[in-house]
Amino acid sequence: MTYLRKKFRFDICICGHTMKDMIYTLKKYPKESSDTRDATLITRFGGISNTIRGIRYLNKKIKMKSVTILGKDQDGDNAIQELKKLKVDYKSIIRNGLTSDVVILISKLKSTKTVIVRFLSKKPKKRMNIGDSSWVHFMYLDNIQFIDKFGNLVLNKKPGQFFSADISDKSLNKFNLDKYLNKLDCLIFSTKELPTLFKDKKCKEFNQASMKNILNLSKKINYIIIHNKKKSIYVDHGRIFTVKNNNKIDYKNPNILGAGDHFAASIINDMISKKSKPENMLKKAHKFSSDYCLGKL
């Protein structure tokens, strides 16, 4: 079964923020006012770039474009060069301000991370173009900064387009996503976002409260994929498929950042281009995400 319903110029558009990630790996978190000299630094582009790289790794032929905001700076230029190498169309990208960035501190001692985000781009004065893409994937739909800069795109869905999204907010808030969720055909996220999505702290992992809300949501979103480190579920028009995750993950590896994006990339690629059964999609997505975390890609 193919999920592309009409001939468009592009098979898929990945839409959302691009971030310059500066990842510092430490033996342990430093004390306040201390002098730490054992950090290693990895710099790369995150945000939508993770999913773009994942899809391109899996599919060299898919026609892909990017809709994002980059700064009029060297980081913006570098991000464009990366898209060129990946053969991703970048002509709908807006350039203004500075490229947004993230500082990430990873403690090897406790396998924990601290993330500091700076949104440095400005809201575009003109609407960005996603109308030439059959499938549009939005990252991350529940983020206030996403809604401010890209939310209007979600509400202007063209006939024949297929919309998917993932979410990332893990803190309970009063922000109502309903009008945006109503435009989606597919939603992909982890169990960590369940309480935020359903505004209910009782929704933890795949418990009874979560499953009740998930099935209710499936009445308006045909495809829902939810994962954690132990298993994942695929809800297809209310029918549930479940797969256990037996793959290894190295939580001290900085590649753990972007693991969920690579999981989503695998699901999206299979839904677009192959006739895989839901269980096989989930197994392949877990394996692809695990390989990424272990530095095998």
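The values are calculated or read from the model by the stated rules, or taken from the named source; none is laboratory data. Just so we're clear, the structure is a prediction, and the values are computed from it rather than from any experiment. FYI the Cβ positions are ideal-geometry reconstructions off the backbone, even for glycines, and counts take in every protein chain you see.
So which of LYS212, LYS204 is part of a helix (DSSP H, G or I), surrounded by fewer than 17 Cβ atoms within 10 Å (Cβ to Cβ) and not polar (S, T, N, Q)? Talk me through it step by step, then tell me what you get.
Values: LYS204 fails: part of a helix (DSSP H, G or I).
Every option except LYS212 fails the conditions.
Checking the condition of a type in the set (Ser, Thr, Tyr) and under 24 Å from PHE198 (Cα atoms), which residue from SER100, SER164 passes?
Details: SER100 fails: under 24 Å from PHE198 (Cα atoms).
The conditions single out SER164.
The rows are residues; the columns are (1) in contact with a His (Cβ under 8 Å, 6 or more places away or on another chain); (2) hydroxyl-bearing (Ser, Thr, Tyr); (3) more than 21 Å from ILE14 (Cα to Cα).
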position: ASP185; (1), (2), (3): no, no, no
position: LYS192; (1), (2), (3): no, no, yes
position: THR196; (1), (2), (3): no, yes, yes
position: LYS199; (1), (2), (3): no, no, yes
position: PHE206; (1), (2), (3): no, no, yes
position: SER210; (1), (2), (3): no, yes, yes
position: ASN222; (1), (2), (3): yes, no, no
position: ILE225; (1), (2), (3): no, no, no
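If we keep just the residues of region 96-120 that are charged (D, E, K, R) and touching a Ser or Thr at 6+ places or on another chain (Cβ under 9 Å), which is nearest to GLY131 (Cα to Cα)? Show your work before the answer.
Filtering region 96-120 for residues charged (D, E, K, R) gives 101, 108, 110, 113, 118.
Of the ones still in play, those that are also touching a Ser or Thr at 6+ places or on another chain (Cβ under 9 Å) are 108, 113, 118.
Working: LYS108: 44, LYS113: 37, ARG118: 29 Å.
Of everything passing the filter in region 96-120, ARG118 is nearest to GLY131 (Cα to Cα).
What residue, of ASP261, ASP200, ASP185, is more than 16 Å from the chain's Cα centre (by Cα) and acidic (Asp, Glu)?
Values: ASP261 fails: more than 16 Å from the chain's Cα centre (by Cα); ASP185 fails: more than 16 Å from the chain's Cα centre (by Cα).
Of the residues listed, the single one that is more than 16 Å from the chain's Cα centre (by Cα) and acidic (Asp, Glu) is ASP200.
Do you know which residues across region 154-165 are over 10 Å from LYS183 (Cβ atoms) and at pLDDT 95 or above? Spell out how you get there, then give the answer.
So in region 154-165, the residues over 10 Å from LYS183 (Cβ atoms) come out as 158-160, 162, 164.
Within region 154-165, PHE162, SER164 qualify.
Could we say that ALA259 is at pLDDT 95 or above, closer than 24 Å to VAL102 by Cβ, in contact with a helix residue (DSSP H, G or I) (Cβ under 6 Å, 6 or more places away or on another chain) and hydrophobic (A, V, I, L, M, F, W, C) here?
On the way: at pLDDT 95 or above: no; closer than 24 Å to VAL102 by Cβ: yes; in contact with a helix residue (DSSP H, G or I) (Cβ under 6 Å, 6 or more places away or on another chain): yes; hydrophobic (A, V, I, L, M, F, W, C): yes.
Criteria not met by ALA259.
For LEU86, all conditions in the list (1) under 13 Å from THR18 (Cα atoms); (2) surrounded by 16 or more Cβ atoms within 10 Å (Cβ to Cβ) hold save one; what is the number of the exception?
Here LEU86 clears every test but (1).
Of the conditions (1) surrounded by fewer than 23 Cβ atoms within 10 Å (Cβ to Cβ); (2) in contact with a helix residue (DSSP H, G or I) (Cβ under 7 Å, 6 or more places away or on another chain); (3) not in a strand (DSSP E or B), ILE55 satisfies every one except a single condition; which number is it?
So ILE55 meets the others, but not (1).
Looking only at region 104-142, which residues are touching a residue at least 60 places away in the same chain (Cβ under 8 Å), within 20 Å of the chain's Cα centre (by Cα) and assigned to a loop (DSSP other than H, G, I, E, B)?
Matches in region 104-142: PHE119, SER121, MET128, ASN129, ILE130, TYR140.
Inside region 155-176, can you point out the residues that are surrounded by 11 or more Cβ atoms within 10 Å (Cβ to Cβ), among the aliphatic types (A, V, I, L, M) and part of a loop (DSSP other than H, G, I, E, B)?
Answer for region 155-176, where residues must be surrounded by 11 or more Cβ atoms within 10 Å (Cβ to Cβ), among the aliphatic types (A, V, I, L, M) and part of a loop (DSSP other than H, G, I, E, B): ILE167, LEU172.
Among the candidates VAL115, VAL136, single out the residue that is surrounded by fewer than 21 Cβ atoms within 10 Å (Cβ to Cβ), under 24 Å from ARG44 (Cα atoms) and in contact with a strand residue (DSSP E or B) (Cβ under 7 Å, 6 or more places away or on another chain). Don't jump to the end; show me each part of the working.
Numbers: VAL136 fails: surrounded by fewer than 21 Cβ atoms within 10 Å (Cβ to Cβ).
One residue alone meets the criteria, VAL115.
Output the number of the condition that ASN182 fails; it satisfies all remaining conditions of (1) touching a helix residue (DSSP H, G or I) at 6+ places or on another chain (Cβ under 9 Å); (2) modelled with pLDDT of 95 or more; (3) closer than 20 Å to LYS212 by Cβ.
Unmet for ASN182, out of (1) touching a helix residue (DSSP H, G or I) at 6+ places or on another chain (Cβ under 9 Å); (2) modelled with pLDDT of 95 or more; (3) closer than 20 Å to LYS212 by Cβ: (1).
Which one is nearest to the chain's Cα centre (by Cα), of the residues in region 215-245 that are among the basic types (Lys, Arg), in a strand (DSSP E or B) and exposed (fewer than 14 other Cβ atoms within 10 Å of the Cβ)? Step through it out loud before you land on a result.
So the first thing to find is which residues in region 215-245 are among the basic types (Lys, Arg), and the list is 219-220, 229-231, 239, 244.
Within this subset, residues satisfying the condition of being in a strand (DSSP E or B) are 231, 239, 244.
After this cut, where a residue has to be exposed (fewer than 14 other Cβ atoms within 10 Å of the Cβ) as well, the list is 239, 244.
On the way: ARG239: 24, LYS244: 21 Å.
So the residue we want is LYS244.
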